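A.B. asks: Quick one: the structure is below, questions incoming.
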Amino acid sequence: MIVFASDLDNTLIFSYKKKNQCQQKVICVEKKEEKELSYMTQIAYNTLQKLCQKIVFVPVTTRSIEQYQRIQFFDKIEYALTTNGGILLRNGHVDKIWLEETKKWIASSEKELQKAIYLLRKDNNICFEIRIVDDIFVYTKSLQPQKTANDIMQKLDLNQVFVDTNGEKIYIFPKILNKGFALKRLQNLLHCKKIFSAGDSHFDISMLQQSDVAFWSGEQNIVMKKGVCHHWQQNVVEFGENVVLEIEKYINI
């Protein structure tokens, strides 16, 4: 089995805010209350659809289940990893065995996650509700995200959790919860012959390192564990399209 495990936002899909960067025909793949939110170029969409006849496409996202399910591809996706890999969806339904295993893996982090919530509630820079996403990790936003992150890292047990930022967003994850670990679990489940992957942010690096062929648009260089990494610093519209076109070349060799 050949798998294409890919991040979604700013990798395969791009937001309405970046639509004006695209001179090509686009297809809307996400709506919320009839408002169009995310797109793919028609070339990327059609190429991915063709690829799915030959390989298994697995979205791997930090989005919650609800946020992921707003995205509508051409067919029902058989496998999808949401919530930073903590949840596996099979044909749109939560795989209960996977979730039970996740809960066991992250159980030791629960105390620190609750402590993080307590600390965030006392932080005057927090400008968004504090969420426990799918009962797995903590998410909020801060007016001074780096200060918020630094402050709580000094008070949390970083052997149990890790704190991350992305713009104004603040994440507190169980230490073991990352996309690379999720992909390794999926590899054991599906007995993958070869894995392609794509990503744009530091959330994706562990997943890319777990792959045979990776596509990366971030700034830093990635040290791969076994495979090869194509490092393309392109805008999100070009990157997603070029990734699926390049994988198509690999598959057709």
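A.B. asks: Would you mind computing the Rg to Rh ratio of segment 1-148 from its alpha-carbon coordinates, Kirkwood style for Rh?
C.D. replies: Numbers: Rg = 17.7 Å, Rh = 17.3 Å.
Looking at segment 1-148, the ratio lands at 1.02.
A.B. asks: Using the structure shown, select from Lys18/Lys147; Lys103/Lys249; Lys169/Lys249 the pairs with a Cα to Cα distance greater than 31 angstrom.
C.D. replies: On the way: Lys18/Lys147 28 Å; Lys103/Lys249 39 Å; Lys169/Lys249 37 Å.
Distance filter (> 31 Å) returns Lys103/Lys249; Lys169/Lys249.
A.B. asks: What's the longest uninterrupted piece of the chain once you rule out the trypsin sites (Lys or Arg not before Pro) that are loop residues per DSSP with at most 15 other Cβ within 10 Å?
C.D. replies: Working: sites that count: Lys25, Lys54, Arg70, Lys76, Lys122, Lys155, Lys193, Lys225, Lys226.
For trypsin sites (Lys or Arg not before Pro) (loop position, at most 15 other Cβ atoms within 10 Å), the longest site-free span of the chain is 77-121.
A.B. asks: Per residue, how much space in cubic angstrom lies within the convex hull of the C-alpha atoms of the chain? Let's see the in-between values first.
C.D. replies: On the way: hull volume 33.4 nm³, N = 253.
Once divided by residue count, the hull of the chain is 132 Å³.
A.B. asks: What number in nm² do you get for segment 106-174 if you take the convex hull of its Cα atoms and divide its surface by four? Numbers along the way, then the final one.
C.D. replies: Numbers: hull surface 15.8 nm².
Answer in nm², one decimal: 3.9.
A.B. asks: Before anything else, pin down the relative contact order of the chain: Cα pairs under 8 Å, at least 6 apart, normalised by residue count, whole percent.
C.D. replies: Values: 476 pairs, mean separation 51.0, N = 253.
Relative contact order comes out at 20 percent.
Coordinate-derived values only; no laboratory data. Computed from a predicted structure; not experimentally measured. Methodologically, a virtual Cβ is constructed for each residue, glycine included, from the backbone with ideal geometry; neighbour enumeration extends over all protein chains shown.
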